[in-house]
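Coordinate-derived values only; no laboratory data. It should be emphasised that the depicted structure is a prediction, and the values quoted were computed from it without experimental measurement. Here the Cβ positions follow ideal geometry from the backbone for every residue, glycine too, while neighbour counts run over all protein chains shown.
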Amino acid sequence: MLNIKHTLLNITVGSFLLLGISGCAGKNQEHFIGKERVVLKEHRSFQEGKFLKVAATFENEDDTEVEGMVYQVEWLDSHGIVVDQTAWKPFTIIGKQQIHVVDMANRPDVTDYRIVISTPNK
Amino acid sequence: MTTLTKLSLATTLLLSSFLMSGCATGGAGMVGASSNVKYGDAKAAETVTADFGSSDLQSTAEALTQSLLETRYIAKAQQPPKVRLRAVNNLTYEHIDTKAITDKIRIKLLKSGQVRFLADTANLNQVNAERDLTTTATTKTKMKAMTDSDYIITGNVRSIKKANDDVKDVYYNVSMELVDPQSGEILWADEKEIRKVTSKSSVGW
């Protein structure tokens, strides 16, 4: 009984640790408009001097369908207020293709970001 | 009151309210809300034609500003360097307001707080006129000397166009460089490439 308790405790602590390690790159930093025909495979941010830099990877998981998309990065300050955003950037992604993008804020007060993805109606 | 009378009264009220409202439908703070003119997202990706457009201007300015801010001459500078924008040459066959590109870059760089800008050569006449006015029309007889630029920014916009009966392909290349005016050394250079394809048979995405 004691062993089971220990195992459960370990699993719980381990899960919390894993959550902690995975950081804050969560769903609140992604926002899809329209159908999610393109996948935001991963995204992460790091500090480049005084500015926040974001690297993201988009993928078209479909084999045959060519997808068009636009994305925009919204830059947030420490209060969670959008202080700037990039232009909407268009891409055409063929089947199974991955596209890597890097964007950097040009204001030093930017501390967080949100990637907004939009795919046009077909 | 009969049902018929009630109905005619309701119809009259409805018609009169419609007539009084006229054609200028809309709410407070709106004029001509029923017209075909709509405000759109200024940062939206625009694909009306393959010519150099607002999206190209914005993406070019963003990419080159990002690259400039990463260069050690700006990122690692002890003091924000003083920069003067020089002309960006339009070497394409279409009209492109290249000053719009450099102005946008300047706004972004100024917001970063990493760079200071001196008046453009095009605006120097205005600055000199103001200085003359200050020394002649006010009690101030001496002006401090104008400051030198640490760096200048120049560049070129080029395009290659190819077309057949079905496809039109346009390639834009916007290149810029940061030059030390004392030594003439090019300290940084980068480019933004844009490809736009128009297909007659295509129905878009």
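So if I take the centroid of the Cα atoms in the range B:85-116 and the same for the range A:43-68, what is the distance between those two points in Å? Cα centroid of the range B:85-116 versus Cα centroid of the range A:43-68: 27 Å apart.
Once the chain from A:T64 to A:K41 is taken as fully extended at 0.36 nm per residue, the excess over their C-alpha distance is 6.4 nm.
For the pair B:V197 and A:Q85, label points projected 7 Å from Cα toward Cβ lie 2.9 nm apart. Per residue of B:67-77, other chain Cβ atoms within 10 Å of the residue Cβ number 2 on average.
Computed extension gain for B:T136 through B:D165, at 0.36 nm per residue and net of the alpha carbon distance, reaches 3.9 nm. Remark: for residue pairs B:K76/B:K142; A:K53/B:K43; B:K43/B:K200; B:K111/B:K192; B:K99/B:K200; A:K96/B:K111, the C-alpha separation exceeds 30 Å in B:K76/B:K142; B:K99/B:K200; A:K96/B:K111.
Contact order for the range A:25-118, expressed relative to its length and based on alpha carbon pairs under 8 Å spaced 6+ residues apart, stands at 37 percent.
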